1. Residue check: is ARG54 open to solvent by 60 Å² or more (accessible area, probe 1.4 Å) and either in contact (Cβ under 8 Å) with a residue 40 or more places away in the chain or over 14 Å from the mean Cα position of the chain (by Cα) (or both)?
2. Looking only at the stretch 63-85, which residues are of a type outside the set (Phe, Trp, Tyr) and either open to solvent by less than 70 Å² (accessible area, probe 1.4 Å) or touching a Phe, Trp or Tyr at 6+ places or on another chain (Cβ under 8 Å) (or both)?
3. Given the condition in contact with a helix residue (DSSP H, G or I) (Cβ under 6 Å, 6 or more places away or on another chain), at pLDDT 95 or above and farther than 25 Å from LEU12 by Cα, answer yes or no: does some residue in the stretch 87-100 qualify?
4. What is the one condition in (1) farther than 12 Å from PHE94 by Cβ; (2) polar (S, T, N, Q); (3) modelled with pLDDT of 90 or more that ASN13 does not satisfy?
5. Name the single residue that is surrounded by the most Cβ atoms within 10 Å (Cβ to Cβ) among those in the stretch 18-51 being among the basic types (Lys, Arg) and touching a residue at least 24 places away in the same chain (Cβ under 8 Å).
6. Of everything in the stretch 94-121 that's assigned to a helix (DSSP H, G or I) and open to solvent by less than 20 Å² (accessible area, probe 1.4 Å), which residue is farthest from ILE28 (Cα to Cα)?
Amino acid sequence: MRGKFFEFNKELNSDILYDKLSSEEKKILDNFKNYLLISASEDRTKEAIREALRFKEVVGKDFDKIDLEDLRYFLKQLNHFHFADYTKNKVKGFVYQFLKWNFKDWSERFNEFEDIKYNRQ
């Protein structure tokens, strides 16, 4: 079941969402984190993990079941949320990075990410 877009707060944060994951999904995120740490700071890595968790929560699917329609749903929800364009662009960038890393067939699965359009700032 898909959820609405949300902001993190005391009741819903990335630690809580991470703890709810299956061991397989935790392994995916842990591997993604290790991949990011090759070239990104700890803070930037935490941001990327947070956005991957937000993406999963909004689309309501396991990481391995995500498809193009889920990406489109997420982008539509993000577009209508009250984040500034800069923040929306960061979210899109992190989601793009996660999906491209997680799916070796990303080009076909997500139509080469043609739906990800960055907002002018």
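1. On the way: open to solvent by 60 Å² or more (accessible area, probe 1.4 Å): no; either in contact (Cβ under 8 Å) with a residue 40 or more places away in the chain or over 14 Å from the mean Cα position of the chain (by Cα) (or both): yes.
When the stated conditions are applied, ARG54 does not pass them.
2. The answer is ILE66, ASP67, LEU68, ASP70, LEU71, LEU75, GLN77, LEU78, HIS80, ALA84, ASP85.
3. Yes, the conditions are met somewhere in the stretch 87-100.
4. Just one mismatch for ASN13, condition (3).
5. ARG50
6. Among those residues, the one meeting the criterion is PHE113.
The values are calculated or read from the model by the stated rules, or taken from the named source; none is laboratory data. Not measured: the values here are computed from a predicted model. Because the Cβ atoms are built from the backbone with ideal geometry, glycine has one as well, and the counts that use them run over all protein chains shown. With ligands, DNA and RNA removed, areas are computed over all heavy atoms of the protein, side chains included. Shrake-Rupley method; radii C 1.70, N 1.55, O 1.52, S 1.80 Å.
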